[in-house]
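Undergrad: This is the structure, below, for whatever I ask next.
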Amino acid sequence: PDVGWPADVLVHKWKSEGAPRTSRILLWRQELTHQSCKETRAAASLGPRAKIGLHTAAELKLALVDRFGTLFGAWRGALDPEDRGRVTFEQFCQAMRRLAIHGNMLELWRSIDVEDNGIVEFRDLDPAANAALYEFREKCVERYGNMLLAWLKGFAAEQRSVDESVFVGVCQEMRFSGDPGGSDDPDEGARRLFALLKPDMGRRLLTLREFDVQAHRALSRGDFRMLRGEEEALLAHASKLDMTLDERSQASFFFQKTRYLEESKSDWCNEICRAFQPAEPQYAPPEDFALLCNRRFGSVVAAWQLVLDPEYKGKLNHNQLCAAARKLGYSGDLKDLVKRCDPDDKGFCSLKDLDEEADRIVKSFAELIHRRYGRLEGFWEEFGKDLHRRLTVVDLAAMCKAIGYPHDPAKLMRCLNPHFSGSAKHSDSDDKAPHIFIWDIEPLFHMTVRLLRGPTKFSQTSFDHSGAASPSAASAPAASGPAPGSRGVCTTSRTPEDVRRRMQAVHGSTAVAWREAFDPHIRGFVRFPQFCSAMQTLEVGGNLQVLWQALAGSSQKVTFSAIDAEAQAQLDGCRQHLLDRFGSLCKAWSQGLSAWGSGKLTIDDFSAACADLELPPAVKPKALFRLLLGKPPPMMPQELQAKNNGSGSISLEDTRALLIGVPREKQAVLWGEEAGASGPPKAEPVQEEALNVGVKSMAQFKQLLVANFGSPFAAWRQALDLDQNGVVTLQDFCNAGRRLGVSGAKALFRELDTRGVGQARLWEFDTETAEALDAFQRAMGAAFEHPREGWQRVFDPSATCRCGVDAFVRGCKEIGYPGDAHRLFGFLVSQGRPFLTFDDIWLDINRNEFKTSVRDAKTLLKPVRAGQRQAAL
């Protein structure tokens with residue numbers, strides 16, 4: 001070459017020797033870069049500056065077509081959805097904001113508002129499409145009168161939507177040409193208009209709303225002549241000054257409405273209205289109430305037991321009947337149902353009013369059993385049936401034939417079984433065959449007997465099996481009145497047999513009922529308040545004082561033997577034999593009854609174990625098993641009961657019923673638990689005369705509480721202060737008296753509320769207990785920061801969650817309690833428990849023992865001032 005390259009470019013010594021980058025070639029390149037940037041900036045300054053968003057009408061139209069397919073679709077869908085025909089600048093800006101279109105809005109508006117009149121119409125966006133639409137509307141109005149009639153008579157005469165072929169055919173009839181767009185096809189203008197009216201390009205059909213919005217609104221308000229639109233058009237194109245009086249009157253809205261209202265009654269209008277009005281729904285007639293009961297429950301009697309009358313009152317008032325019918329899903333007229341169920345307008349209905357045949361079947365069965373056996377259990381035992389086993393249709397048919405039952409046993413089974421499966425085509429051994437248990441029909445049996453008995457005794461009531469009362473019933477003498485001195489509205493006298501039947505019906509056996517309802521602490525006896533509470537639990541009404549006198553006689557307490565002497569003899573015989581052989585009941589269970597360690601015994605296992613132990617002949621193993629078991633749990637499925645033939649199983653805890661009749665001080669030894677060296681101090685002896693049938697003073701009420709709960713503080717917590725807030729209000733006191741069967745609670749509370757503030761504290765209830773407890777808590781607070789810490793370290797160091805009397809006495813001496821620790825233990829201990837726990841003294845609000853900065857053990861002893869304490873003393 002003529003001009004050679006510089007040496008530094010050829011050699012590049014700066015790369016190998018580490019010289020600085022200051023060569024001439026580098027400087028030359030930098031100069032070229034600066035010159036190029038300068039030329040680019042100069043060229044950019046000569047042309048328009050680039051801006052973000054849309055700036056011209058063409059760009060806006062292109063964006064709208066890309067979004068909606070057509071400009072008309074964009075006009076209706078975004079710019080003018082209300083079909084006002086014009087858009088202001090504010091509406092335009094809001095539409096752009098909804099479409100997320102950015103740019104100079106004012107510049108866009110000026111580009112489409114060519115007339116600069118402050119509004120934009122569709123013709124400003126697409127003049128050709130606007131001309132085609134104007135021609136189309138003119139043709140429709142000219143041929144049919146308005147756009148709605150054009151749609152109803154021309155385009156949608158046979159269906160609600162229109163496709164392209166129908167639309168093009170009607171346009172040919174109207175001789176609509178449109179904008180062919182340079183095509184030779186005469187129908188191209190109609191096709192282009194159809195594509196223009198579609199809301200989106202994917203649609204193949206056209207509805208009235210896309211056809212014309214004003215017509216769609218007129219149809220929704222029933223304006224087939226589009227009166228408002230015609231009136232507006234008339235006012236827009238004609239001046240009222242050029243009209244005569246008659247023309248102005250006829251053009252008013254009132255005359256047009258009157259004229260077109262008459263035309264709307266024509267045949268063609270009615271035909272069109274039927275095309276667009278849905279057919280009236282055809283409702284099926286409501287199902288008969290008796291058929292509904294049979295379909296859902298198998299029989300009206302089962303529906304009566306489970307839904308209509310679950311409390312077995314025997315009758316329903318009108319409100320209860322309506323509520324139960326709605327619960328069953330009855331959709332008929334409730335007033336008509338009430339009239340059919342209560343035609344005599346007596347105010348209530350019974351099972352006989354709903355299903356007379358089923359009522360006659362059930363009543364005849366109940367009368368036969370009650371007259372011959374007196375109770376339902378006797379009917380079972382007469383035929384050697386176990387009370388805990390099921391009864392099939394075959395068994396029931398044989399038993400009904402033996403007693404002379406006149407009706408069909410299969411119908412009786414359907415009525416008595418509350419869970420009838422609806423199929424009787426099973427073998428007798430099949431678990432799915434219809435069957436009943438004694439507890440399934442016992443409530444219905446007692447309800448029927450009570451209704452048959454009426455105001456007179458059952459022995460004086462005669463009932464014919466055909467369903468009518470015999471003539472001798474009317475001439476039967478009335479039952480004797482109540483015993484003298486009986487009080488209350490209900491004067492029906494109950495017998496011990498009624499109590500036994502009710503105990504067996506609710507709990508399965510008298511022994512279980514005694515343990516759960518009468519004597520849960522197994523004291524061996526109950527007094528009148530506990531007896532009244534148990535009767536309320538068993539739902540036994542009537543004159544309870546007469547019943548109490550029949551059971552107690554001259555004594556002030558009732559034992560289990562007074563209620564069921566036969567059951568007491570069974571328990572005594574079995575207990576004595578087991579104690580003679582094993583020494584305690586726990587050993588008898590582990591070494592004799594359940595020697596293989598199963599933990600539970602069925603009736604067959606129990607009978608075999610009793611046979612091995614050679615129980616006395618007077619003790620019947622199956623009868624004893626039923627006494628210990630009671631009724632199976634109510635939530636046990638019937639299939640599970642049937643699989644085990646209805647018999648449940650007993651455990652060691654169930655054998656505690658053998659302690660019924662044993663003095664309380666001997667129960668722990670006979671059961672097998674070793675009592676402490678020095679047991680808890682016994683509560684002060686309760687005088688028999690103090691616990692009379694009525695409690696007259698607060699002292700007698702306190703004695704009653706101590707006899708039930710073991711100590712004053714236990715009675716305060718478990719009977720009076722149930723919400724654990726340290727005070728007892730009048731309502732709390734009355735509720736406690738009601739639970740204990742004590743009347744006159746208000747007078748007793750006035751005696752307790754010495755301050756007259758409507759509240760009582762432990763200081764007023766038992767001052768000695770409050771003072772002893774206060775001294776104990778003060779000593780605990782002085783020795784330890786937290787009572788739980790002191791309890792765990794001093795009273796319960798082995799973490800057994802209990803503290804006996806000896807450990808309590810030692811702990812009180814260690815913390816420096818100044819009072820009598822034995823007496824304090826007797827003030828705090830609960831009934832039947834020879835130990836104390838932390839929860840017996842304090843209300844523990846932090847059972848998980850989280851580390852907190854607040855006091856988390858609350859005392860139930862409200863603090864008092866010195867003057868109040870002296871007043872309490």
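The values are calculated or read from the model by the stated rules, or taken from the named source; none is laboratory data. Since this is a predicted model, take the numbers as computed values, not measurements. All Cβ positions, even for glycine, are placed from backbone atoms using ideal geometry, and neighbour counts span all protein chains on display. These area figures cover heavy atoms from the full protein model, side chains too; ligands, DNA and RNA do not enter into them. Shrake-Rupley method; radii C 1.70, N 1.55, O 1.52, S 1.80 Å.
Undergrad: Which net charge results when you count Lys and Arg as +1 and Asp and Glu as -1 among the other residues whose beta-carbon is under 12 Å from that of Ile815? Show your work: numbers first, answer last.
TA: Numbers: positive: Arg778, Arg793, Arg810, Lys813; negative: Glu789, Glu814.
Taking every Cβ under 12 Å from that of Ile815, the sum is +2.
Undergrad: Let me ask something additional. Within segment 770-807, which residues have the backbone N less than 11 Å from the label spot 7 Å out from Glu814 along Cα→beta-carbon, could you tell me?
TA: Zone members listed by number: 790-799, 807.
Undergrad: Shifting gears a bit: What FRET efficiency comes out for Arg84 versus Arg110 if R0 is 22 angstrom and r is the Cβ-Cβ distance? Round to the nearest 0.05.
TA: It comes to 0.55.
Undergrad: How much length would be gained if the chain were fully extended between Glu566 and Lys313, taking 0.36 nm per residue of separation minus their Cα-Cα distance, in nm to one decimal?
TA: 88.0 nm is the gain from fully extending Glu566 to Lys313.
Undergrad: Calculate the FRET efficiency for Asp333 and Leu722 from the Cβ-Cβ distance with a Förster distance of 51 Å, rounded to the nearest 0.05.
TA: 0.60
Undergrad: Can you pull the Kirkwood radius for segment 555-600, inverse mean 1/r over Cα pairs, to one decimal in Å?
TA: Numbers: mean 1/r = 0.0821 Å⁻¹.
Evaluated on segment 555-600, it is 12.2 Å.
Undergrad: Which order do Met105, Met447 take when ranked by solvent-accessible area (1.4 Å probe, heavy atoms of all protein chains), largest first?
TA: Highest to lowest solvent-accessible surface, that is Met105, Met447.
Undergrad: In nm, what is the difference between 0.36 nm times the number of residues separating Glu39 and His521 and their Cα-Cα distance?
TA: On the way: separation 482, 0.36 × 482 = 173.52 nm, distance 10.86 nm.
So the chain would gain 162.7 nm between Glu39 and His521.
Undergrad: If you roll a 1.4 Å probe over segment 114-156 with all protein chains in place, what percent of the accessible area is carbon or sulfur? Walk me through the numbers on the way to the answer.
TA: Numbers: 950 of 2060 Å².
Carbon and sulfur together cover 46 percent of it.
Undergrad: May I pose another question? Would segment 284-337 count as rounded, prolate or oblate if I go by the C-alpha gyration tensor, calling it rounded below 1.5 in a/c and otherwise prolate when a/b exceeds b/c, oblate otherwise?
TA: In terms of gyration-tensor shape, oblate.
Undergrad: Moving on to the next point. Pairs of lysines 8 or more apart, or on different chains, with alpha carbons under 23 Å: count those in segment 313-402, would you?
TA: Here the count comes out as 23.
Undergrad: Would you give the gap between the C-alpha center of segment 304-368 and the C-alpha center of segment 517-569, rounded to a whole Å?
TA: Each part's Cα centre sits 35 Å from the other's.
Undergrad: Additional query: Could you tell me the relative contact order of segment 712-774? Use alpha-carbon pairs under 8 Å, at least six residues apart, and round to a whole percent. The partial results should precede the final answer.
TA: Details: 49 pairs, mean separation 19.9, N = 63.
Across segment 712-774, relative contact order equals 32 percent.
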